[in-house]
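Values quoted throughout were computed directly from the atomic coordinates according to the rules given, and no laboratory measurement underlies them. Every value quoted in this text rests on a predicted model; they were computed, and no experiment measured them. Because the Cβ atoms are built from the backbone with ideal geometry, glycine has one as well, and the counts that use them run over all protein chains shown.
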Amino acid sequence: MKELLVLVFAAASLTDALKEIAASWETAGGESVAFNFAASSLLARQIREGAPADLFLSADEVQMDGLEKAGLVEPGTRRSILSNTLVVVVPGDATAPLLSARDLTTSRVQRIALGEPGSVPVGVYSKKFFEGIGIWTLVAPKVVPTESVRATLAAVESGNVDAGIVYRTDALISKKVKIAFEVPAASGPAISYPFALVKGAPREAAARKFLEYLSSKAARAVFARYGFLVTD
Amino acid sequence: MSAFAVDLPVVWFTLRVAALAVLLLAPFGLALALLLARRRFPGKALLETLVSLPLVLPPVATGLLLLKFLGRRGPGGRAAQALFGMDVVFTWKAVVVAMMVMSLPLLVRTARVAFEEVNPRLEAVARTLGASEARVLSTVTLPLASRGIAAGLLLAFARALGEFGATILVAGNIPGRTTTIATAIYNDVQTGLDGRAYGLLAVSAALAFGAIFLSEVWLKRRTNA
Amino acid sequence: MTLSLEGLRLPLTPFALELDATLSAHVTAVFGPSGAGKTSLLEAVAGLRHPERGRIVLSGRVLDDAARGVRVPPRQRAVGYVTQDDSLFPHLSVAGNLRYGAGRGLAERPALAEDRVVDVLGLSLLLDRRPSTLSGGERRRVALGRALLSAPEILLLDEPLSGLDRVLKDRVLEHLLKVKAAFPLPILYVTHEAAEVVALADEVVILESGRVAALGPPGEIFQGVAHVSSA
């Protein structure tokens, strides 16, 4: 009888990898884990409003910093072991080649889906990337903001936008988009996924154990398989 | 809480698209209401149900249907590309369409009642006096149903102003292009700009209150027959 | 004018109205108890209801022919129909109501002059009023005037004196007599009051249980009948 449910709020890009990790965790006798996948900005907001999350797995440091400042992070539990790469994807049936960021400024590309550039981590990263190479003002009018990286992926899959920026791990999951090009690590922003225990977590003991498990060799292997860059 | 503020451009945009939606909806919606009020025909119950669907389906479900239809790969989207060379989804046009679809049931139901309340005897006598169907419509039916029709249009407008679920799917939430009062509130809440959200909430509440109140007043004071 | 109702069958409940008659007097009354189908007959002549069988022919013009599928629409029939509840347009003034059908006059059938009709019916002081402010008798007269001004070939009056008190009845009756005297327009007049028939009609059709029970001048028809009025 497993009534103890560890509630994990996790960034949308971690969806598939985490589900697999949790499945092996439970098979090995661990407590049941339930997930709330969404953009980290929304999750952080929900935690601030009192959502009973045990763990917060964020896609950027900014959201975690915000929670820490609000005293909602259990000290000593924060660590980042994952990174990711940004890629530009286009619909699977797109014909015109897109080779570099400059191509996004041409009239061939009318609409670009990005996570909300003011809050959703992948969108924040994307905007930093464009600003870094000086084309944000040219690209901004074409932006269709989305709720999360998965929503960006869906928009590109539907063909209603010409391109989108997602994490490489998301592009690999989808069969309906193709990667036009990768954002080189040098020109891209530093992506980091901090994990932490939420202060006052209702199921603290079980949550700590799962958090430990996420850094285990088994879990790291799963993350790597999905395309995440595993540090440490 | 962030500073209380009212995003006037968003309010203005919402008012404009909602007004356009009602304007475009009116001829079709009123014709439909007249048809349902006056005629019996096979499949009438089916038509009534279809018209009422947006009222009962979750707005996002309707939004999903619209997205499929109006998207670049859907029949509506492709037609728009072929005929006008333009995209519909993620533009203000999609906002207008979403508002039209969501407001249709309210307009049709209210106007239908208004038409049903027009004494058919008056229309019959008008015909015996030599009036064509068009003249009967414009000089007897519409004037006598006018208050109910106005109430219906106002309700449709109020509904359009508040439309969210279908709009956000089919038009997204693009600042300056498709952001309405409702989607702006959603966004402001998500990004922690509560002050702005409350500002828009106040405007939204005032508009809704005004529209519904006026509509109720009109519905009560119908022309004496 | 001649109104021929040939082999007419109008489905009603609980029975059907069956008529075969030719009416050619100036004022023809249709007399019978309530529910005898009198209003339905007027509606059929006006084109608001269609016979299951038979023909309606007005002065040589076929208005309805069930067998051949001929159904002239009401607006082309040139009938002036005054309903039992007046059916005045509440959103128009008396003048607006009077003039509603005014565009229909033709060279061979010019419309009656408005002044004349207003004069005969005593409506000159009411022209700017709204129907809701008028008395029963005044509304009756406006409805009559409206029908007269639409260049009709025949007037159809459905119990014009019903619902009026004694005094108003007499006044409207007076006006009807004036209309009869002033305009050579054939009138089909429905009522269940024998007194009205005697006062106005040149010819009366008695309807009973959906059939013509008698047809002829009122004097002959009502002679020797002990109880003439029916309910």
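Some points to look at:
- Using a Förster distance of 30 Å, the FRET efficiency for A:THR106-B:LEU64 (Cβ separation, nearest 0.05): 0.40
- Cα Rg over Rh - region C:57-108, Kirkwood: 1.07
- Helix A:149-158 vs. chain A, principal-axis angle (Cα, 0 to 90°, nearest 10): 40 degrees
- For region B:18-78, the C-alpha radius of gyration divided by 2.2 N^0.38 Å, with N the number of residues, is 1.34.
- For the pair C:ALA213 and A:GLU26, a Förster radius of 56 Å applied to the C-beta separation gives a FRET efficiency near 0.05, rounded to the nearest 0.05.
- Of the residues C:PRO51, C:PRO217, C:ALA95, the one whose Cα sits farthest towards the positive end of the charge dipole of chain C is C:ALA95 (charges of +1 on Lys and Arg Cβ, -1 on Asp and Glu Cβ, taken about the Cα centre).
- Ordering of C:86-94, C:137-145, A:103-111 by burial proxy (mean other Cβ atoms within 10 Å per residue, highest first): C:137-145, C:86-94, A:103-111
- Exercise: per-residue mean of other protein chain Cβ atoms within 10 Å, B:128-138: 6
- Annotation: average projected area of region A:55-145 is 7.6 square nanometres, based on the convex hull of Cα atoms across all directions.
- Simple label model, 7 Å out from Cα along Cβ direction - C:GLN223 to B:LYS44, nm: 5.3 nm
- Taking the number of Cβ atoms within 10 Å of each Cβ as an exposure proxy, the fewest-first ranking of C:HIS26, C:HIS175 is C:HIS26, C:HIS175.
- Kirkwood Rh (inverse of mean 1/r, distinct Cα pairs), region C:176-223, angstrom: 11.6 Å
- In summary, the convex hull built on the alpha carbon positions of the protein assembly as shown has an orientation-averaged projected area of 43.4 nm².
- For peptide B:89-96, the mean count of partner chain Cβ atoms within 10 Å of a residue's Cβ comes to 2.
- Cα coordinate range in region C:33-152, projected on the principal axes (Å, largest first): 49, 39, 23
- Of the residues A:LYS19, B:LYS93, the one with the fewest other Cβ atoms within 10 Å heads the list, and the complete ranking is A:LYS19, B:LYS93.
- Cα-only Debye scattering, region A:126-205: base-10 log of I(q)/I(0) at q = 0.17, 0.19, 0.21, 0.26 Å⁻¹: -0.79, -0.92, -1.06, -1.40
- Relative pair counts by distance (%), Cα atoms of region C:142-221, 5 Å bins: 3, 13, 25, 26, 18, 12, 4, 0
- Along its first, second and third principal axes, ordered by size, region C:1-91 spans 40, 31, 27 Å in Cα coordinates.
- Evaluated on chain B, the Kirkwood hydrodynamic radius is 19.0 Å, with distances taken between all distinct Cα atoms.
- Calculated on the Cα set of region B:1-41, radius of gyration then Dmax: 18.2, 58 Å.
- Annotation for region A:202-223 versus region C:92-170: alpha-carbon center distance of 93 Å.
- Taking the Cα centre of the protein assembly as shown as origin and assigning +1 to Lys and Arg Cβ atoms and -1 to Asp and Glu Cβ atoms, the resulting dipole is close to 1080 debye.
- Alpha-carbon Debye profile of region B:1-117, log10 I(q)/I(0) at 0.15, 0.16, 0.18 Å⁻¹: -0.81, -0.89, -1.04
- Note on region A:16-88: Rg/Rh from Cα positions, Kirkwood definition for Rh, rounded to two decimals, is 0.98.
- The alpha carbons of chain A give a radius of gyration and a Dmax of 18.0, 59 Å, in that order.
- Of the three principal axes defined by the Cα atoms of chain C, the extents in descending order read 45, 44, 30 Å.
- Mean partner shielding of peptide C:139-149, defined as the number of other chain Cβ atoms within 10 Å of each residue Cβ, is 1.
- Coarse-grained scattering of region B:102-225 at q = 0.12 Å⁻¹, given as base-10 log I(q)/I(0) from a Debye sum over alpha-carbon atoms: -0.60
- Efficiency of FRET between C:THR13 and C:VAL57 - r from beta-carbon atoms, R0 30 angstrom, step 0.05: 0.65
- Backbone amide hydrogens, once placed in the peptide plane, bring A:VAL183 within less than 5 Å of A:LEU86, A:VAL87, A:VAL88, excluding anything fewer than 5 places away on its chain.
- Most fluctuating residue given options B:LEU144, B:LEU83, B:LEU46, as computed from a GNM of chain B linking Cα atoms under 10 Å: B:LEU83
- Ordering A:VAL109, A:SER13, A:ALA190 by the projection of their Cα atoms onto the charge dipole of chain A, which places +1 on the Cβ of Lys and Arg and -1 on the Cβ of Asp and Glu, puts A:VAL109 at the extreme positive end.
- Expressed as a fraction of 2.2 N^0.38 Å, the C-alpha radius of gyration for region C:86-153 is 1.04.
- Gain upon complete extension [A:ALA51, A:LEU99; 0.36 nm per residue less C-alpha separation]: 13.0 nm
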